[in-house]
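Peer 1: Sharing a structure below in structure tokens format, with a few things to ask.
The values are calculated or read from the model by the stated rules, or taken from the named source; none is laboratory data. The shown structure was predicted, so the numbers you read here are calculated from the model rather than taken from an experiment. Cβ placement follows ideal geometry from the backbone for every residue including glycine, while neighbour counts extend to all protein chains displayed. Surface accessibility is based on the protein's heavy atoms, side chains included, excluding ligands, DNA and RNA. Shrake-Rupley method; radii C 1.70, N 1.55, O 1.52, S 1.80 Å.
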Number of protein chains: 2
Amino acid sequence: MMPMAQALSVDGIETLNTAVAPGERRLAILGATGTIGRNTIDVISCFPDRFPVEVVTANRNAAQLAKLARAVGAKRAIVADDAAYAALKSYLAGSGIVPEAGAAAMCDAISAPVDTVMAGIVGTAGLETAYRAASSGMTLALANKECLVAAAPLFRAAAERSGASIVPIDSEHSAVFQALARAEPEMVESVTLTASGGPFRTWSRAQMATVTPRMAVQHPNWSMGAKISVDSATLMNKGLELIEAAALFPFAADRLSVLIHPQSIVHGLVGYRDGSVIAQLSAPDMRIPIAVGLAWPNRLDLPSKRLDLSDLARLDFDEPDRERFPALRLAESALAQGPLHCLVLNAANEVAVDHFLRAKLPFLKIAEVVAEVLERFDSGASIKDLSTISDVLNTDENVRKLAGDVCRRFLGA
Amino acid sequence: MMPMAQALSVDGIETLNTAVAPGERRLAILGATGTIGRNTIDVISCFPDRFPVEVVTANRNAAQLAKLARAVGAKRAIVADDAAYAALKSYLAGSGIVPEAGAAAMCDAISAPVDTVMAGIVGTAGLETAYRAASSGMTLALANKECLVAAAPLFRAAAERSGASIVPIDSEHSAVFQALARAEPEMVESVTLTASGGPFRTWSRAQMATVTPRMAVQHPNWSMGAKISVDSATLMNKGLELIEAAALFPFAADRLSVLIHPQSIVHGLVGYRDGSVIAQLSAPDMRIPIAVGLAWPNRLDLPSKRLDLSDLARLDFDEPDRERFPALRLAESALAQGPLHCLVLNAANEVAVDHFLRAKLPFLKIAEVVAEVLERFDSGASIKDLSTISDVLNTDENVRKLAGDVCRRFLGA
């Protein structure tokens, strides 16, 4: 069974190869003030004329958005939060950059003449705008993994209809994308995503019971947002990436696997049917997958940190431990069960992580909340049809309510 | 400076992509009784109708050649040594396989309808036949590294004239070939060949002074012929591979490097200008690069040993030590100086290794012989023109004489 056999990436790779001229690409940067957004701006600032920025967006940080918009010479800058409009307008005074605000403006952010959308908004908040990009035939450089976790069939269908290319920006999926190059799917035997194992890779469950938000957001190799750092610490991040890989690449779940690799140097591996394995490696630098996503099949001359294997001296590999990190098992099970379970897993996890970050849920309870929501939703849910983005968002909201209740009960207990 | 800028491989990759239909390929297997030959026969025996064997050749082992010729249903079998003809004829009696012998028959081995030549003859002995293949517009699957070390400019010119593709079979060059895929040369920043470091990787010079032929032919990861095993122990093998890489790929010597990697799992790496590195990995199994060479850009469904990184647990990397392994330094220096020095290095090394294997030269003297021959040849040589294969073979013979003299003097000393 290969439910996502006509997956995005293979079409994406084909389309991309023909669609991407080695010239200018006009960008919309969604989530410009976040980690992906700032790294994207860092990359394109090395190539001033090649990636003109049409629009940058942020949630509500008007000051930083205005600063970035000025730095890249964006034509428009949009805050999602209407309340930040006045501040944005004043920060942009005299710049010639048009300030905008609100949900409708965010949706319009990705209209022409944009041809490449860097979707760097974390969480379900990025869903609708990214979906619009996928529906518009643009190249969607996708750093938001929740799009494909919560709504893979919709994104796939939209991209197929519109001719959009979806290029992964997550380092692991970018690695697989590069290691696949232009290989035919039937030549591929296995796809492996590596996981650092997070800051608690070697910790016992008893030790993990003591984990605070501050401890969890210290990722050993990458500087990332708080939510992704926690997901990395529980291994839920890798579980979500597995689900995303199943949507991006035309391979059934049984060909996808996770490998613990503490140094985060090998990001992904593709095993071919002759026994040859192609891997992508690099120093941990998000600008590299961003540059690949922006330029593929070309490669930018990027001043990123270079890999020095003799300096690193060794690379370690291990199987993930699903007993100590049950979130990975939950994600693998959701992937096997289908898109609804993946959506539930993701929404419940977002709520649980949010509670954890606000010190309202112990670290080890994150996976327990997700497991309980999956179980309860399975038996009692009413909306199981996910044929529109509204269905997805409604179901997502229902799951969040349920997950909030479960978190509160855990807190009360 | 990039003296070999229009190198073989890039043309080869291009040509190959269009020339290779996913159908039958008619093979000539040169050196069928050697390691490469036997592994090739092992690979093609998994695909009985896909690789019909026109001809197999060997030096003088008539019994084994006849057995292999029968096993693969070859049309002709050739021994280089005329004295082995009678035996070959009798071993092939009743098989319908035509027995042949001698130098002229060897040259005719690669005539039509052969379209792919597996050149598995070790040493300069393989030069003339491989050159004929390169001149005939066939696909030359090249396991004989001496061809490119001794006569890179000639092979390149011949392949350019005839439209021949040269596909590397050495695991390291095959790795680079795969990691390059179809990338444009200007995107490539570095090419790295890995070296196991051989059986004496951690030995001091004093310890290496005690090395016997028997100790030197025990390679830790690969089962190879005696000559290559000794070259692997001195690191001359990696030096020759660097020279070969400079001929195969369109990159100047300053972009090529060697990395010690004791486990021989990562075979080669290509660093791109965005900081991304693509590597090829596999269990040490020569059938994999052979299968890549036979099928590229397709991949055969090969029952090779699969790579299990979590089982391996770790991979180590280190800089090569040119003090303990001066052969690598000599090769790097020869590469910098040009084709004549590469030829001299190779021929002197073959003679020195032969003396070592016959217990007529101490292990540490191999590099000393090569260094002295390089030095003497530099100051006194008459033939410096290498514009024909005859020039190459004449010069090679002169070097061998000189190297023999030097070996005898070392022995006498």
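Peer 1: Could you tell me which residue of segment A:276-305 is nearest to the other protein chains (Cβ to nearest Cβ), considering only residues that are in a helix (DSSP H, G or I) and not β-branched (V, I, T)?
Peer 2: First pass over segment A:276-305, keeping only residues in a helix (DSSP H, G or I): A:287-295.
This time we only want the ones that are not β-branched (V, I, T), so: A:287, A:289, A:291, A:293-295.
Numbers: A:R287: 8, A:P289: 8, A:A291: 5, A:G293: 11, A:L294: 10, A:A295: 7 Å.
Ranking the candidates gives A:A291 first.
Peer 1: Since A:L361 meets every condition but one in (1) in a loop (DSSP other than H, G, I, E, B); (2) open to solvent by 30 Å² or more (accessible area, probe 1.4 Å), which condition does it not meet?
Peer 2: Result: A:L361 fails condition (2) only.
Peer 1: When segment B:24-45 is examined, which residues are found to be farther than 16 Å from B:A84 by Cβ and part of a loop (DSSP other than H, G, I, E, B)?
Peer 2: B:E24, B:R25, B:R26, B:S45
Peer 1: Next up: Name, by its number, the condition in (1) assigned to a helix (DSSP H, G or I); (2) farther than 30 Å from A:V344 by Cβ; (3) open to solvent by less than 60 Å² (accessible area, probe 1.4 Å) that does not hold for A:K67.
Peer 2: (3)
Peer 1: Still on this structure: I'm told B:D170 meets every condition in (1) open to solvent by 20 Å² or more (accessible area, probe 1.4 Å); (2) more than 11 Å from every other protein chain (Cβ to nearest Cβ); (3) under 14 Å from B:A245 (Cα atoms); (4) over 16 Å from the mean Cα position of the chain (by Cα) except one. Can you identify the failing condition by its number?
Peer 2: Single failed check for B:D170: (4).
Peer 1: Please work out which one of (1) closer than 22 Å to B:V353 by Cα; (2) within 14 Å of another protein chain (Cβ to nearest Cβ); (3) hydrophobic (A, V, I, L, M, F, W, C); (4) open to solvent by 10 Å² or more (accessible area, probe 1.4 Å) is the condition B:L259 fails and give its number.
Peer 2: So the condition that B:L259 fails would be (1).
Peer 1: Another question, then. Only one of B:P262, B:P250 is within 30 Å of A:W296 (Cβ to Cβ), touching a residue at least 40 places away in the same chain (Cβ under 8 Å) and part of a loop (DSSP other than H, G, I, E, B); which?
Peer 2: Details: B:P262 fails: within 30 Å of A:W296 (Cβ to Cβ).
It is B:P250.
Peer 1: Give the number of residues within segment B:181-195 that are surrounded by 18 or more Cβ atoms within 10 Å (Cβ to Cβ) and modelled with pLDDT of 95 or more.
Peer 2: We begin by selecting, within segment B:181-195, every residue surrounded by 18 or more Cβ atoms within 10 Å (Cβ to Cβ); these are B:181, B:183, B:187-189, B:191-195.
Going one step further and asking which of them are modelled with pLDDT of 95 or more, we end up with B:187-189, B:191-195.
Selection size over segment B:181-195: 8.
Peer 1: Hey, does segment B:203-212 have a residue that's touching a strand residue (DSSP E or B) at 6+ places or on another chain (Cβ under 6 Å), in contact (Cβ under 8 Å) with a residue 40 or more places away in the chain, surrounded by fewer than 24 Cβ atoms within 10 Å (Cβ to Cβ) and over 23 Å from B:A291 (Cα atoms)? It would help to see each step written out before you state the result.
Peer 2: Going through segment B:203-212, the residues touching a strand residue (DSSP E or B) at 6+ places or on another chain (Cβ under 6 Å) turn out to be none.
No, because not a single residue in segment B:203-212 is touching a strand residue (DSSP E or B) at 6+ places or on another chain (Cβ under 6 Å), in contact (Cβ under 8 Å) with a residue 40 or more places away in the chain, surrounded by fewer than 24 Cβ atoms within 10 Å (Cβ to Cβ) and over 23 Å from B:A291 (Cα atoms).
Peer 1: Still on this structure: Check B:V211, B:V266, B:V230, B:V217 and return the single one that is β-branched (V, I, T) and within 14 Å of chain A (Cβ to nearest Cβ). Walk me through it before giving the result.
Peer 2: On the way: B:V211 fails: within 14 Å of chain A (Cβ to nearest Cβ); B:V230 fails: within 14 Å of chain A (Cβ to nearest Cβ); B:V217 fails: within 14 Å of chain A (Cβ to nearest Cβ).
One residue alone meets the criteria, B:V266.
Peer 1: Output yes when any residue across segment B:374-385 is open to solvent by 30 Å² or more (accessible area, probe 1.4 Å), closer than 28 Å to B:A159 by Cα and within 14 Å of chain A (Cβ to nearest Cβ), and no when none is.
Peer 2: No, every residue in segment B:374-385 fails to be open to solvent by 30 Å² or more (accessible area, probe 1.4 Å), closer than 28 Å to B:A159 by Cα and within 14 Å of chain A (Cβ to nearest Cβ).
Peer 1: Then there's this: Identify, from the list A:L335, A:L340, A:L312, A:L307, the residue that is farther than 26 Å from A:A245 by Cα and open to solvent by 20 Å² or more (accessible area, probe 1.4 Å).
Peer 2: On the way: A:L335 fails: farther than 26 Å from A:A245 by Cα; A:L340 fails: farther than 26 Å from A:A245 by Cα; A:L307 fails: farther than 26 Å from A:A245 by Cα.
Only one candidate passes the filter, namely A:L312.
Peer 1: Those residues that are assigned to a helix (DSSP H, G or I) and within 11 Å of chain B (Cβ to nearest Cβ), I need them from segment A:306-336; list them, please. Outline the logic, then answer.
Peer 2: We begin by selecting, within segment A:306-336, every residue assigned to a helix (DSSP H, G or I); these are A:309-312, A:326-336.
Hits for segment A:306-336 are A:L309, A:S310, A:D311, A:L312.
Peer 1: Shifting gears a bit: In segment B:86-103, what residues are in contact with a helix residue (DSSP H, G or I) (Cβ under 6 Å, 6 or more places away or on another chain) and open to solvent by less than 70 Å² (accessible area, probe 1.4 Å)? Write out each step before concluding.
Peer 2: Step one: list which residues in segment B:86-103 are in contact with a helix residue (DSSP H, G or I) (Cβ under 6 Å, 6 or more places away or on another chain), which gives B:87-88, B:91-92, B:95, B:97, B:99, B:101-102.
Of everything in segment B:86-103, those that are in contact with a helix residue (DSSP H, G or I) (Cβ under 6 Å, 6 or more places away or on another chain) and open to solvent by less than 70 Å² (accessible area, probe 1.4 Å) turn out to be B:A87, B:L88, B:L92, B:S95, B:I97, B:P99, B:A101, B:G102.
Peer 1: Output the helices (runs of 4 or more DSSP H) that fall wholly within segment B:80-135 and possess 3 or more residues being within 29 Å of B:V392 (Cβ to Cβ), or say none. It would help to see each step written out before you state the result.
Peer 2: Numbers: elements: B:85-91, B:103-108, B:127-135.
Qualifying helices (runs of 4 or more DSSP H): B:103-108, B:127-135.
Peer 1: Also: Within segment A:49-89, can you find the residues that are hydroxyl-bearing (S, T, Y) and in contact (Cβ under 8 Å) with a residue 24 or more places away in the chain? So that I can check it myself, show each step before the final result.
Peer 2: Looking only at segment A:49-89, we keep the residues that are hydroxyl-bearing (S, T, Y), and these are A:57, A:85.
If the condition is that a residue be hydroxyl-bearing (S, T, Y) and in contact (Cβ under 8 Å) with a residue 24 or more places away in the chain, then A:T57 is the only one that fits.
Peer 1: Further, regarding this structure: Give just the number: which of (1) open to solvent by 40 Å² or more (accessible area, probe 1.4 Å); (2) over 30 Å from A:N346 (Cα atoms); (3) in a helix (DSSP H, G or I) does A:P48 not satisfy?
Peer 2: So A:P48 meets the others, but not (3).
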